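No lab work stands behind these numbers, since they all come straight from the coordinates. Please read these numbers as outputs of a predicted model, since none were measured by experiment. Ideal geometry is used to build each Cβ from the backbone, glycine not excepted, and the neighbour counts take in all protein chains shown.
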Amino acid sequence: MLARTARIIRPRAWQLPARAQGAPAGALVLTRTVFGLLLAGICALAETLQAQSNGSGGQPPAAEAPYPPVPSIPAIGVQNTNYLHVPASALGPSVDPAKGYRRQDLGQGLYMVTDNIYQSMFLVYDHGVVVIDAPPSYAPRIPQAIAEVTTKPITHVIYSHSHTDHIGGTRSLDGRPIIVAQEETLRLLRRAADPNRPLPTVTFADRYTLHVGKQVLELSYHGDAHEPGNIFIYAPAQKVLMAVDLVFPGWMMWRRFAVAHDIPGVFAQVEEIRKMPWQTLVGGHVARTGTHADVDVQAEFMGDVKQAAAAALATTKPGEGTDPRDAANPWALFDNYIDRVATKCVNALVPKWATRLAAFDVYVWDQCFAMEQSLRID
Ligand SMILES: [Zn+2]
């Protein structure tokens, strides 16, 4: 099931002299992550592939080998030519290619709009429409999605956070709406000075309740995690929570815990999301909305990554098996150490998770590298 082929990419660095002196011909010693893994583990690769396809992944490293057996999932920088199958449970309804978006009714005037990669929302009230996020990938079609249900104008835009991939299409929206965001988002957008991300006109620190006609949106800031200023948007009548770049229903998180600004903060906010009384989660990414079961699965995965990285750190020593000529190169020693920790971490996660989360193989190395780093310094 997991067997695959990994084509080795040889960048120009292959020709660089790894050492000025002393290396015998044909014995270039490379310290880059990928080549370290490959050189030490290439001989074991075939037998590891066989072992993992038999369901015995996560075996301890051989005593004589400084690197644990290399997982069958290609490491960062190695081309994956055979990505794992995406389970049907991770997919949502398809998008009409002629429209380029899909509109999903979330009840009582609230809708999700998605291209099955990004997600945003809009809320219709007595006199207008509130748009929440405007991903540039389909923002020019948001007015069309709104026109399918109302002729009322866009009066407000809410930014979930400052990242351009979620709000960089705001200029595509008609009129001059009031823009609401957390005050850290204003700070970051001032710094970005991006004409495609107009500055918020209303900001808040902790909480802001938007009353428009009979509709209500509760905005709240829970501190730094994905990014300073990233807020939760809760529609109490519809029991819909929008919290962006934190939970990926059915899918592996985007790399490095979704490019987390603060990894412990992401763990804390996923726990907060678990405990909140919503019925539908809009996570800002992938095709479908989320359920509490999706959040439980992701929290369990995150806990397992943390445990696997902690166990790998506890059983791995810096410097073991390294070349004495690298003794004065601490970066090389830690490159080797961190590689071995991450390799153990990935091996520990493969048996349980490879088929439970879509695209597990795409970012599991990123999660392990990020987790061991967070555990060492946060
Ligand atoms: Zn983001």
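Details
- Candidates Ser137, Ser120 - the one that is closer than 28 Å to Gly223 by Cα, hydroxyl-bearing (Ser, Thr, Tyr) and not in a strand (DSSP E or B): Ser137
- Across the stretch 175-206, the qualifying residues are those that are of a type in the set (Val, Ile, Thr) and under 15 Å from Tyr221 (Cβ atoms), and the one among them that is surrounded by the most Cβ atoms within 10 Å (Cβ to Cβ) is Thr185.
- Subset of the stretch 286-315 [of a type in the set (S, T, N, Q) and closer than 16 Å to Asp339 by Cα]: Thr315
- Among the residues of the stretch 308-334, those that are crowded, with 17+ Cβ neighbours inside 10 Å, in a helix (DSSP H, G or I) and in contact (Cβ under 8 Å) with a residue 60 or more places away in the chain comprise Ala308, Ala309, Ala312, Leu313, Asp326, Ala332.
- Whether a residue is over 22 Å from Leu219 (Cα atoms) and part of a helix (DSSP H, G or I) was assessed, and Val305 passes this test.
- Any chance Ser94 is over 24 Å from Ala370 (Cα atoms) and not in a loop (DSSP other than H, G, I, E, B): no
- In the stretch 289-302 there is at least one residue matching the filter, namely being free of Cβ contacts under 8 Å to residues at least 12 places away in the same chain and not acidic (Asp, Glu).
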